[in-house]
Amino acid sequence: MHRIISRGLALACVAAVSLAVATGAAAQSGAQQGAANAKIKVGFMLPYTGTYAALGNAIENGFRMYVDEQGGRLGGREVQYFKVDDESDPAKAPENATKLIKRDQVDVVIGTVHSGVQMGIVKVAKENNTLLIIPNAGADEATGPLCGPNIFRSSFSNWQPGYAMGQVVANRGMKRVVTLTWKYAAGEQSVRGFKEAFEAKGGKVVKELNLPFPNVEFQALITEIASIKPDAVFVFFAGGGAVKFVKDWAAAGLKDRIPLYASGFLTDGTLEAQGAAAQGLETTLHYADGLQNPRDQRFRLAYAKAFKLQPDVYAVQGYDAAQMLAAGAAAVNGDMSRKNDVYKAIAAARIDSPRGVFTLSRAHNPVQDFYLRKVQGNENKVSGIAVKALADPARGCRL
Ligand code: BEZ
């Protein structure tokens, strides 16, 4: 009896174990297959409302266009999108970034435009070791003291376009310059870059004026500039605020009296709205209209066809953020859990951008040409290269 029961039990146990092994194996191969088929989750954290709304939309358009050109897949995996409107509000940045990373479990955050918001995203991305590709915000810290293996930028540091324009203005023999900007990192760091190059060549910034972001009450400041009578003025404004400033400057009658220079955000994506007030303005930026490269020509045609709009620098930065992600995803055949391999591949990538080919500095910021541009009609026409292969100094970055 005892033997019979034992044998029956043993058979039952063998059957149960076999079933468990078979079920486990099936589950495991299902999981592997699930991982192999997992989508790459992309979280856009961008401004979709407020003065920078158009910039956020252009970045998303550019990014999606590149992914669509790859058949909707990177590294062999389908791409799935999540989005948060960051409202250009630094106070909401940590919570918004956490939503994408913890709730939506994204593989990469693509964000953002505003330098103050960027600081919050960088902090959360570093704490969670989540891949971050910055498609605009120039916050010098992100590729300076806060640089990290998982932090990349497809755009510029605030220092870069300001520094390029400082050289141009000094080379033109201007001596006394007034600066004007919104009082937050993007404006202040652009002015710092301008001042560094301009004063190294013998110029002097005689007054630094500012107003809170995103205020557009420029009148009193324009009156003050007129009374100082500088050789030139350097400003940082972008988006809706840039449109208003350029119109107010012309309406005050200063357009033909005091030379106005700026980083190219003053006139990028804004020319239709600025109209006659912008004609002839000169700016420096890492993109321009009229670049004679076939890569750019293809990009512009495709963008105009897809969105019924001319692309601007923000669309290029979005497109290139997707190219950077593609380089990382390709290196791991879409397995984004291999984080260090993804980071290494992006850091080493050579990006075939519509702006011209660029590579990344050791701090993961583009090393790129800065063009001198002049407004003609609705174009920021390239008139030369202000500084070739300009690298941000990456002060404080230990990578
Ligand atoms: C920034 O906040 O970093 C920024 C915003 C708009 C254009 C350029 C820079």
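The values are calculated or read from the model by the stated rules, or taken from the named source; none is laboratory data. Just so you know, these numbers come straight off a predicted model, no measurement behind them. All Cβ positions, glycine included, derive from the backbone under ideal geometry; neighbour counts span all protein chains shown.
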**Item:** Segments classed as helices (runs of 4 or more DSSP H), wholly inside region 285-399, with at least 3 members that are of a type in the set (D, E, K, R)
**Value:** 294-307, 339-348
**Request:** Might you check whether a residue that is under 24 Å from residue 184 (Cβ atoms), crowded, with 19+ Cβ neighbours inside 10 Å and in contact with an Asp or Glu (Cβ under 7 Å, 6 or more places away or on another chain) occurs anywhere in region 78-98?
**Result:** yes
**Asked** Would you pick out the residues in region 58-84 that are among the acidic types (Asp, Glu) and more than 11 Å from residue 321 (Cα to Cα)?
**Response** 68, 69, 78
**Prompt:** Of the residues that make up region 153-174, is at least one of a type in the set (Val, Ile, Thr), within 23 Å of residue 64 (Cα to Cα) and modelled with pLDDT of 95 or more?
**Reply:** no
**Request:** Test residue 116 against the stated conditions and say whether it is in contact (Cβ under 8 Å) with a residue 24 or more places away in the chain, touching a Phe, Trp or Tyr at 6+ places or on another chain (Cβ under 7 Å) and either within 16 Å of the ligand (Cβ to nearest atom) or in the same structural domain as residue 81 (by the TED database) (or both).
**Result:** yes
**Every residue from region 238-260 that is more than 16 Å from the ligand (Cβ to nearest atom) and either in contact (Cβ under 8 Å) with a residue 60 or more places away in the chain or not assigned by the TED database to the domain that holds residue 168 (or both)** = 259
**Asked** Given the residues 337, 353, which is the only one that is under 19 Å from residue 388 (Cα atoms), assigned by the TED database to the domain that holds residue 52 and of a type in the set (S, T, N, Q)?
**Response** 353
**Message:** Just to be sure I understand the filter: pairs with C-beta atoms under 7 Å, separated by 6 or more residues or on different chains, first member in region 95-111 and under 23 Å from residue 66 (Cβ atoms) and in the same structural domain as residue 134 (by the TED database), second member of a type in the set (D, E, K, R) and assigned to a loop (DSSP other than H, G, I, E, B). Which pairs pass?
**Reply:** 111/86
**Request:** Taking the residues in region 148-194 that are within 11 Å of the ligand (Cβ to nearest atom) and of a type in the set (Gly, Ala, Ser) as candidates, determine which candidate is surrounded by the fewest Cβ atoms within 10 Å (Cβ to Cβ).
**Result:** 185
**Asked** Just to be sure, is residue 61 without any contact (Cβ under 8 Å) to a residue 12 or more places away in the chain, under 26 Å from residue 243 (Cα atoms) and surrounded by fewer than 24 Cβ atoms within 10 Å (Cβ to Cβ)?
**Response** no
**Message:** Looking at region 187-203, I want the residues that are in the same structural domain as residue 163 (by the TED database) and have a partner that is more than 16 Å from the ligand (Cβ to nearest atom) and among the small types (Gly, Ala, Ser) with Cβ atoms under 6 Å, at least 6 apart or on another chain. Which pairs are those?
**Reply:** 194/166; 197/166; 198/166; 198/170; 201/170; 203/170
**Request:** Select from region 114-137 the residues that are in a loop (DSSP other than H, G, I, E, B), on the phi < 0 side of the Ramachandran plot and out of contact with any Pro (no Cβ under 8 Å at 6 or more places or on another chain) and list them in ascending order.
**Result:** 130, 135, 136, 137
